[in-house]
Each structure stands twice: as C-alpha cells, then as structure tokens.
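Single-structure report; data block below.
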Amino acid sequence: MNDKQLRQDVIDELDFEPRVHSADIGVVVEKGVVTLTGHVPNYSHKLAAERAVWRVNGVKAVAQEIQVRVAGDKLHNDDEIARRAIKILAWDTLLPRDAVRVQVQDGWVKLSGTLDWNYQRESAEEDVRKLGGVLGVSNDISLSPAAQAIDVKQLITDALNRHAEVEASRVTVSVQEGGTVGLEGDVDNWDERQAVVRAAWSAAGVRAVVDRLRIGWGFSRQI
C-alpha cells in the first residue's frame, strides 16, 4: 500500500470513530509511519485517535503530536483533579485501597505506588485519564517482585499456544531475572501483536515487556 492510500484509510477510520473530532486532526504518512497533529477537547479523545490509527492495515508506527485543548468552562484546578482521581480510584474494585498515589501538576496526572498485576496498573490509568481537565497521564506504578523466570516463560508460552489469534510458533519468548519479558518474531497485524503482549502481561511476576515483534518490517517498541 502506498502512503497516499494509507493516509486516506487513516482519515476514513478517524471519521468513523465516534469519539474523535476528526476535523481538528491532521494526518501525515511517510513510509507507513503516521503522524497525528491538531487538537482534541480531552485526553480520552487523544488516545481514541491513536487507537483508531492502529486499527488501519499497513500502519507501522504512530507519532502522536495531538494537543489536548480544554475549553475554558471545563478547566479544573490541579487540586480538584487530584481529589476526583483519588475518589475514582477508591471506587475501583480491582485496586487495593490506597495502593495508588496521585500527583497532579498543570493538568498532568502522575500515578505511583505498587500493585501485583499489570491489569490493575492499566485499570488505574483508565480510571483517571477520562476525568475532566486531565491533559495527560504518567503511569509510574511499579509491580510486585517477580516469580521465577522459567515459570513465567512457560506460562506465557502455554497462553500463546491456546490463543486463537496468535501463531505461537513465530513468537519467541525470553525472560530475564527480575521479570522482564522479551518478545521477538513476526505477526500479521496490530491485533495479533496486542494479543501477544497481553498474554505476556497476564503471567504472574511480569514487571516489564520489551516488544520487538515485527508487523511486516522491523518496527519495535518497549512497554
């Protein structure tokens, strides 16, 4: 697929996504790398735009340069955002009470603390990033000490073999002491790549995932 066609496909997908104000978003494509510019009214819309782009076949990487511009009547002070963040985290039944600390500066929310599972860390971020006035979220929550590397590797390998979306034979899993998982190999699309990463994060004791999976060509990233 050439860049011109890919750009049109990305624009069409953004138009199709109901959570995105696509008229205020610019799209540039070069060699499969999509750059998003412009502005959106809140942080959730910014993330929705990026997710929409990743759904498009042929996208190799996304450069996210969209700005969050909160309307004047919807601006909130940092202390108000912090209070609301603490309250919504307290209501989240997936999280141990008071396990996540919140710091807010100029609309940016920083989360810290220690949790047992990555899904809990993701849930905490999901809770706060949809609050009004939030311009961004830094998720610095750490995970509890890791299990034995050999056990983690076997758990992930078994999960990939069970997964209908994943061709497990093309994925290599390595685990370092301390719970860092390395993923290498080839996948057909972004959904398959995400399925592999989710499987890695689902194993107890995983503290970091280094994603070197390739979608057609050698783009990789660290999570």
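The values are calculated or read from the model by the stated rules, or taken from the named source; none is laboratory data. Quick caveat: nothing in here was measured; it's all calculated off a predicted structure. Glycine gets a Cβ as well: all are built from the backbone with ideal geometry, and neighbour counts include every protein chain shown.
Miscellaneous remarks
- Subset of segment 111-136 (residues that are at pLDDT 90 or above, of a type in the set (S, T, N, Q) and assigned to a helix (DSSP H, G or I)): Q120, S123
Condition check ((1) touching a residue at least 40 places away in the same chain (Cβ under 8 Å); (2) within 20 Å of K130 (Cβ to Cβ)) across all residues:
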| position | (1), (2) |
| --- | --- |
| S22 | no, yes |
| G26 | no, no |
| Y43 | yes, yes |
| V62 | no, no |
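- Selection count, segment 38-77, where residues are of a type in the set (D, E, K, R), in a loop (DSSP other than H, G, I, E, B) and buried (at least 17 other Cβ atoms within 10 Å of the Cβ): 1
- Answer residue from segment 137-161, given it is surrounded by fewer than 14 Cβ atoms within 10 Å (Cβ to Cβ) and modelled with pLDDT of 85 or more and is nearest to D191 (Cα to Cα) among those: D158
- Search result, residues across segment 99-136 that are surrounded by fewer than 21 Cβ atoms within 10 Å (Cβ to Cβ) and of a type in the set (K, R): R101, K110, R129, K130
- Candidates in segment 162-188 are the residues that are in a loop (DSSP other than H, G, I, E, B) and either modelled with pLDDT of 85 or more or among the charged types (D, E, K, R) (or both); of these, the one that is surrounded by the fewest Cβ atoms within 10 Å (Cβ to Cβ) is E177.
- I11 surrounded by fewer than 18 Cβ atoms within 10 Å (Cβ to Cβ) and not in a strand (DSSP E or B): yes
- Within segment 95-110, being not aliphatic (A, V, I, L, M) and either not assigned by TED's automatic domain parsing to the domain that holds V134 or not in a strand (DSSP E or B) (or both) holds for P96, R97, D98, D106, G107.
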